[in-house]
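Beneath this line is the structure, given in structure tokens, with notes to follow.
The values are calculated or read from the model by the stated rules, or taken from the named source; none is laboratory data. Computed from a predicted structure; not experimentally measured. Cβ coordinates were reconstructed from backbone atoms using ideal geometry, including for glycine residues, and neighbour counts include every protein chain displayed.
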Amino acid sequence: MTTQTTQTTQTTQLSPPSPDKNLYEQIADRIQHLIAEGTLQAGDRLPSVRKLHSQWSVSISTVLEAYRLLEDRGLITARPQSGYYVKAALKVPSEPQQSCPPPKAHHVDNSLGFRVICAIRDSQTVRLGAAVPSMDLLPIAALNRLTGQVLRQHQILAHAYDLPPGYEPLRHEVARRLMDAGCSVTPDQVVTTNGTLESVFLSLRAVTQPGDTVAIESPTYYGLLEALEVLHLKALELPTHPRDGISLADLEVVLQQGKIAACAIVSNFSNPLGTCMSDERKQQFVELLAQHQVPLIEDDIYGEVYFEGTRPKAMKAFDQEGLVLYCSSCSKTLSPGLRVGWAVAGRYQAKVEQLKWVINQTTAIVPQMTVAAFLANGGYDRHLRQLRRAYQSQMLRMTQAICDYFPAETHVTRPNGGHVLWVELPPNFDALALYELALQQQISIAPGAIFSPSGSYGNCFRLNAGLPWSEEIDQAMQRLGELIRQQMAGRRIWSQKVGG
Ligand SMILES: Cc1ncc(COP(=O)(O)O)c(C=O)c1O
């Protein structure tokens, strides 16, 4: 097993110039890379603000903003009358390997997932278990103002049924933003829904029959498993690498065997692995499915929350045959509670619209109007920049805390977007026991077993980095580290006794 190191080739490269990043963020990224490389070491004094201003030809306020961002990321600290200093070496943990699930379709029973999520939701815990953004990071005041405006402007319409495909100005905004994901979609190809999960549910229902098998990433989002269960579908887990995504070789084998009716994945910064395939692999993936005429349900809920470069392409961008059913929402970027989502279902659109009508007739119009107004002129891009900055800082803080507090055998993902981390411990570790002990101490985590229909990943868990870093979270991470060490020490003593 590889141990934690302070350097990798991934972090030594300067990030590509990003049109979506402000100058101060690019400067902060460059300094972060210098810390990762070891050019700047713990305790080193950073160049003074004036010096960097003249050496790098940027304004004083830009340097100050960059230093503030590095403080947010927990990498540097300001000493009064003295300047800015590197806090600690940047630690880069080793990542989990490609998963290796059993090559067999499973009936899904994810009642454990539902129990776990209810416990996490209801308790007064440090919420590291549910993948929810902090309300402090969302533009709640602006959305509330817009809701008021909408109600005043549309006093009658606000109470009307809004038949599928849904509110046209929202569909227009969705189609416009999908251009950034490489998709050419018209507003009439979009249907609005009550969130991504409804889009996924309708899409699965549109392309499968009970008893069919659906190929999925392993591990995968537990909400997808719950949808498969309710629709009486079987799940075939495919080996998945945290960086490269689903194994195309394994996908090809199951396609050739004609075993699967559909494939369902989270395409960008997946939950829980944080995977984002390259464009090349995305294209191969879509083409492979098209050769076998197998539809793909694409959940792209995290696509706009990337940390480097530009927005990653959607799988839909490579869809020549209308076989990709694209699903997303504003739950991770604006408001999970407004329940505004959408689907672009290609050749299955009429079916999805009909199912939407049968299942719950319409999507409530006021939230759709509010979100449409925000997307049109609420400063969405500015908000996204702030949100990405916050998620990136929080992910970094959480990764550093894992390196500091968890045992050296820990592996953790290093996603370039989203806000969840997947933690893997040695094979005999019991993450469900950890979950229960942690919950007693008011800390929630999501145990690995809920992300797999075959009950794999008993030694893993998922952490939410969607919350602003705080003393409380730092202490919770320390406590988790202690609980992990205690369990591992107990197992070592036990196996020594059994062994002799
Ligand atoms: C991958 C993924 N898909 C869907 C959802 C649910 O999205 P929504 O609230 O838009 O239904 C989540 C929420 O955590 C998620 O992580």
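Taking segment 116-134 as the search range and keeping residues that are at pLDDT 85 or above and of a type in the set (Gly, Ala, Ser), which one is farthest from residue 420 (Cα to Cα)?
It comes out as 134.
Quick grid of which residues meet (1) among the hydroxyl-bearing types (Ser, Thr, Tyr); (2) assigned by TED's automatic domain parsing to the domain that holds residue 235:
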| position | (1), (2) |
| --- | --- |
| 78 | no, no |
| 84 | yes, no |
| 115 | no, yes |
| 133 | no, no |
| 143 | no, yes |
| 158 | no, yes |
| 161 | yes, yes |
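Applying the selection to segment 258-288, what residues are in a strand (DSSP E or B) and more than 11 Å from the ligand (Cβ to nearest atom)?
262, 263, 276
List the pairs whose first member sits in segment 100-116 and is within 20 Å of residue 211 (Cβ to Cβ), whose second member is among the polar types (S, T, N, Q), and whose Cβ atoms are under 9 Å apart, counting only residues at least 6 apart or on separate chains?
That search, which allows pairs on different chains as well, returns 102/454; 102/456; 104/454; 105/213; 106/452; 106/454.
Kindly establish whether residue 458 is at positive phi and not charged (D, E, K, R).
Criteria not met by residue 458.
Just wondering, is there one or more residues in segment 72-91 that are β-branched (Val, Ile, Thr) and within 18 Å of residue 421 (Cα to Cα)?
Scanning segment 72-91, I find no residue that is β-branched (Val, Ile, Thr) and within 18 Å of residue 421 (Cα to Cα), so the answer is no.
Restricting to segment 301-315, name every residue that is touching a helix residue (DSSP H, G or I) at 6+ places or on another chain (Cβ under 7 Å) and either closer than 26 Å to residue 261 by Cβ or not assigned by TED's automatic domain parsing to the domain that holds residue 215 (or both).
Once the filter is applied, which keeps residues that are touching a helix residue (DSSP H, G or I) at 6+ places or on another chain (Cβ under 7 Å) and either closer than 26 Å to residue 261 by Cβ or not assigned by TED's automatic domain parsing to the domain that holds residue 215 (or both), segment 301-315 yields 301, 303, 313, 314, 315.
Among the candidates 178, 255, 238, single out the residue that is more than 15 Å from the ligand (Cβ to nearest atom), in a strand (DSSP E or B) and not charged (D, E, K, R).
Residue meeting the stated conditions: 238.
So residue 336 clears everything in (1) in contact (Cβ under 8 Å) with a residue 60 or more places away in the chain; (2) farther than 21 Å from residue 206 by Cα; (3) of a type outside the set (Gly, Ala, Ser); (4) crowded, with 20+ Cβ neighbours inside 10 Å except one condition, right? Which one?
All conditions are met except number (4).
Between 494, 469, which is modelled with pLDDT under 95, touching a helix residue (DSSP H, G or I) at 6+ places or on another chain (Cβ under 6 Å) and outside the structural domain of residue 72 (by TED's automatic domain parsing)?
Exactly one residue qualifies, and that residue is 469.
Going by the conditions given, is residue 309 more than 16 Å from the ligand (Cβ to nearest atom) and either closer than 24 Å to residue 208 by Cβ or in a loop (DSSP other than H, G, I, E, B) (or both)?
Taking the combined requirement at face value, the residue satisfies it.
Which members of segment 220-235 meet the condition of being out of contact with any Leu (no Cβ under 7 Å at 6 or more places or on another chain), of a type outside the set (Val, Ile, Thr), within 16 Å of the ligand (Cβ to nearest atom) and outside any helix (DSSP H, G or I)?
Passing the criteria: only 221.
Of the residues that sit in segment 339-349 and are crowded, with 23+ Cβ neighbours inside 10 Å and outside any strand (DSSP E or B), which one is farthest from the ligand (Cβ to nearest atom)?
345
Please tell me if residue 326 is in contact (Cβ under 8 Å) with a residue 60 or more places away in the chain, in the same structural domain as residue 143 (by TED's automatic domain parsing), within 15 Å of the ligand (Cβ to nearest atom) and part of a strand (DSSP E or B).
Against the criterion (in contact (Cβ under 8 Å) with a residue 60 or more places away in the chain, in the same structural domain as residue 143 (by TED's automatic domain parsing), within 15 Å of the ligand (Cβ to nearest atom) and part of a strand (DSSP E or B)), residue 326 qualifies.
Of the residues 234, 259, which single one is at pLDDT below 95 and either more than 16 Å from residue 100 (Cβ to Cβ) or out of contact with any Pro (no Cβ under 8 Å at 6 or more places or on another chain) (or both)?
259
Of the residues that sit in segment 150-165 and are surrounded by fewer than 16 Cβ atoms within 10 Å (Cβ to Cβ) and under 27 Å from residue 301 (Cβ atoms), which one is nearest to the chain's Cα centre (by Cα)?
That would be 163.
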